[in-house]
Number of protein chains: 2
Amino acid sequence: MKNKIIDLSEIESMDRIYRINLINSVTGFKSANLIGTQNEYGLSNLAIFSSVIHLGSNPPLLGFISRPAVIPRHTYSNIKHSGYYTINHVHTDIVERSHKTSAKFYDTISEFDECNFTPEFSDKISAPYVQEANIKLGMKFIDEYEIKENGTILIIGKIEEIILNEAVLKDDGFVDLQEAGTVTISGLDSYHSTDKIHRFGYARPFAEILKKW
Amino acid sequence: MKNKIIDLSEIESMDRIYRINLINSVTGFKSANLIGTQNEYGLSNLAIFSSVIHLGSNPPLLGFISRPAVIPRHTYSNIKHSGYYTINHVHTDIVERSHKTSAKFYDTISEFDECNFTPEFSDKISAPYVQEANIKLGMKFIDEYEIKENGTILIIGKIEEIILNEAVLKDDGFVDLQEAGTVTISGLDSYHSTDKIHRFGYARPFAEILKKW
């Protein structure tokens with residue numbers, strides 16, 4: 001198989017859709033999460049995001065990227081208004097409905113209704129969880145950083161609550177996402193289940209090196 | 001199966017390793033990339049990262065998270081010095097060697113040697129690629145944002161060059177990561193291959209709704 005080299009000038013002159021597909025693919029596999037929010041009138045919103053990332057465990061901080069606020073972004077404006085949101089893992093049985101939330105809906109329509117999800121509330125979080133999800137996080141908005149190079153916004157939140165199936169939580173705190181059916185996204189619209197290759201544990205070559213002395 | 005609810009106060013009082021395993025799991029599946037750099041003396045460095053994310057396609061910008069610079073971070077200091085780095089997808093055949101780069105090595109040791117990878121150079125990028133990778137990105141450092149809540153740093157780079165196998169690049173720009181053998185990470189140390197469920201294409205309910213009128 002032959003290697004192909006694509007340089008920046010080629011990327012810049014590509015057809016827009018071709019470039020979007022390419023650049024969205026090359027970071028590798030991404031998380032697949034539904035973010036639930038509600039607006040000041042209590043209308044719920046649900047949208048799929050592939051940019052949720054871990055920022056730190058103590059305090060438990062996560063980030064995700066919101067695209068430029070030049071057109072209305074309900075997720076962003078609801079979070080700014082209510083201060084809360086939920087992150088709900090997409091699993092194999094809800095892939096199609098989850099992807100449908102990426103479409104543009106009228107302002108007065110809730111994606112929960114339109115995409116056949118059930119909103120669920122806890123006392124702590126002013127945002128709807130997805131009842132159908134197996135792993136759910138209740139998030140409190142903490143801060144935002146505007147990425148000045150392209151106007152995207154890194155939203156930072158703290159985990160206030162984790163709701164998950166007892167069976168997928170292992171003795172050392174590891175959550176078996178594969179057992180929970182959590183899927184992963186490549187590019188904009190390709191969904192994948194997973195096959196575990198190996199769980200390694202902590203790598204310790206310093207010790208290995210010292211043993212040889 | 002029964003749901004378990006874990007709240008913030010429980011998270012805060014957990015054993016450190018348990019918490020790290022838990023909070024690193026709950027974002028969903030993550031990208032698996034080796035980041036290659038070199039220092040001012042030409043010594044190469046290679047380290048695995050699970051935080052590479054897409055920020056935008058035009059210009060083609062990616063981000064990744066570097067942990068606090070309170071202890072020496074070779075990847076970060078090399079990028080700040082040279083202005084360049086490479087991102088190389090981990091695939092199924094190099095999972096074990098790739099994970100080994102996460103260990104602590106002495107300053108004078110290159111992970112390329114220690115973990116059995118071959119450095120490869122192009123004219124454009126002052127950083128080593130991983131010859132064994134199937135999908136490689138040559139990156140130019142653009143900016144950094146310190147996340148003041150926990151001292152982590154969001155490093156932003158622009159794609160200057162993409163090197164990939166012709167066969168995995170599809171007609172619409174989509175890169176078939178599964179065909180390339182790219183793996184995904186859950187938690188800190190669990191590696192997974194993937195099975196494609198479906199590629200959906202762009203969701204368009206506005207049109208669907210109008211058709212009903």
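The values are calculated or read from the model by the stated rules, or taken from the named source; none is laboratory data. Bear in mind that the values here come from a model prediction, so they are computed numbers and not experimental data. Cβ sites come from the backbone with ideal geometry, for glycine too, and all protein chains shown count toward neighbours.
Specify the residue that is modelled with the lowest pLDDT; the eligible residues are those in the stretch A:83-101 that are surrounded by 17 or more Cβ atoms within 10 Å (Cβ to Cβ) and either over 17 Å from the mean Cα position of the chain (by Cα) or part of a loop (DSSP other than H, G, I, E, B) (or both).
Within the stretch A:83-101, the match that is modelled with the lowest pLDDT is A:Thr101.
Of the residues in the stretch B:46-58, how many are assigned to a loop (DSSP other than H, G, I, E, B) and touching a strand residue (DSSP E or B) at 6+ places or on another chain (Cβ under 6 Å)?
Of the residues in that region, 3 qualify.
How many residues are touching an Asp or Glu at 6+ places or on another chain (Cβ under 7 Å), surrounded by 18 or more Cβ atoms within 10 Å (Cβ to Cβ) and either at pLDDT below 95 or not in a strand (DSSP E or B) (or both) when one looks only at the stretch A:128-151?
Number satisfying all stated conditions: 1.
Looking at the stretch A:179-197, which of its residues are charged (D, E, K, R) and at the interface with chain B (Cβ under 7 Å from one of its Cβ atoms)?
Across the stretch A:179-197, the qualifying residues are A:Asp189, A:Asp195, A:Lys196.
Considering only the stretch A:14-24, state which residues are within 15 Å of B:Arg199 (Cβ to Cβ) and either acidic (Asp, Glu) or in contact with a Ser or Thr (Cβ under 6 Å, 6 or more places away or on another chain) (or both).
A:Ile20
Mind listing just one residue for me: the one in the stretch B:1-47 that is over 20 Å from the mean Cα position of the chain (by Cα) and of a type in the set (Ser, Thr, Tyr) and, of those, surrounded by the most Cβ atoms within 10 Å (Cβ to Cβ)?
B:Tyr18
Using the structure shown, decide if B:Glu132 is within 11 Å of chain A (Cβ to nearest Cβ) and among the acidic types (Asp, Glu).
In short, no.
Sort through B:Ser77, B:Ser110, B:Ser51, B:Ser66 and tell me the only one that's under 12 Å from the mean Cα position of the chain (by Cα) and modelled with pLDDT under 95.
B:Ser66
Just to be sure I understand, how many residues within the stretch A:152-197 are outside any strand (DSSP E or B) and either farther than 26 Å from A:Phe121 by Cβ or out of contact with any Lys or Arg (no Cβ under 7 Å at 6 or more places or on another chain) (or both)?
So the answer is 18.
Taking B:Ile48, is it under 24 Å from A:Asp176 (Cα atoms), of a type in the set (A, V, I, L, M), more than 7 Å from chain A (Cβ to nearest Cβ) and touching a helix residue (DSSP H, G or I) at 6+ places or on another chain (Cβ under 8 Å)? Full working, then the answer.
Details: under 24 Å from A:Asp176 (Cα atoms): yes; of a type in the set (A, V, I, L, M): yes; more than 7 Å from chain A (Cβ to nearest Cβ): yes; touching a helix residue (DSSP H, G or I) at 6+ places or on another chain (Cβ under 8 Å): yes.
For B:Ile48, the condition - under 24 Å from A:Asp176 (Cα atoms), of a type in the set (A, V, I, L, M), more than 7 Å from chain A (Cβ to nearest Cβ) and touching a helix residue (DSSP H, G or I) at 6+ places or on another chain (Cβ under 8 Å) - is met.
Take the stretch B:138-178 and flag every residue that is over 30 Å from A:Pro59 (Cβ atoms), free of Cβ contacts under 8 Å to residues at least 24 places away in the same chain, of a type in the set (Asp, Glu) and at the interface with chain A (Cβ under 7 Å from one of its Cβ atoms).
B:Glu166, B:Asp172
Considering only the stretch A:133-148, how many residues are within 23 Å of A:Val183 (Cβ to Cβ) and touching a Lys or Arg at 6+ places or on another chain (Cβ under 8 Å)? I'd like the intermediate steps shown before the answer.
Here is the first cut: in the stretch A:133-148, the ones within 23 Å of A:Val183 (Cβ to Cβ) are A:133-139.
Remaining after also requiring touching a Lys or Arg at 6+ places or on another chain (Cβ under 8 Å): A:138-139.
Counting residues in the stretch A:133-148 that are within 23 Å of A:Val183 (Cβ to Cβ) and touching a Lys or Arg at 6+ places or on another chain (Cβ under 8 Å) gives 2.
In the stretch A:102-127, which residue that is hydroxyl-bearing (Ser, Thr, Tyr) and either within 27 Å of A:Ile185 (Cα to Cα) or surrounded by fewer than 14 Cβ atoms within 10 Å (Cβ to Cβ) (or both) is nearest to the other protein chains (Cβ to nearest Cβ)?
Per the criteria, the residue is A:Ser102.
Within the stretch A:8-22, does at least one residue satisfy the condition of being farther than 30 Å from B:Thr92 by Cα and assigned to a strand (DSSP E or B)?
Checking the stretch A:8-22: not a single residue is farther than 30 Å from B:Thr92 by Cα and assigned to a strand (DSSP E or B).
Collect the residues in the stretch B:165-179 that are more than 18 Å from the chain's Cα centre (by Cα) and either farther than 15 Å from A:Ile20 by Cα or surrounded by fewer than 20 Cβ atoms within 10 Å (Cβ to Cβ) (or both), keeping them in residue-number order. Spell out how you get there, then give the answer.
So in the stretch B:165-179, the residues more than 18 Å from the chain's Cα centre (by Cα) come out as B:165-174, B:179.
B:Asn165, B:Glu166, B:Ala167, B:Val168, B:Lys170, B:Asp171, B:Asp172, B:Glu179 - these are the residues of the stretch B:165-179 that are more than 18 Å from the chain's Cα centre (by Cα) and either farther than 15 Å from A:Ile20 by Cα or surrounded by fewer than 20 Cβ atoms within 10 Å (Cβ to Cβ) (or both).
Going by the structure shown, is A:Glu179 at pLDDT 95 or above, among the charged types (D, E, K, R), more than 23 Å from B:Ile65 (Cβ to Cβ) and touching a strand residue (DSSP E or B) at 6+ places or on another chain (Cβ under 7 Å)?
On the way: at pLDDT 95 or above: yes; among the charged types (D, E, K, R): yes; more than 23 Å from B:Ile65 (Cβ to Cβ): yes; touching a strand residue (DSSP E or B) at 6+ places or on another chain (Cβ under 7 Å): no.
No, not satisfied.
Working carefully through the options A:Gly28, A:Gly42, A:Gly63, A:Gly36, find the one that is at positive phi and more than 7 Å from every other protein chain (Cβ to nearest Cβ).
A:Gly42
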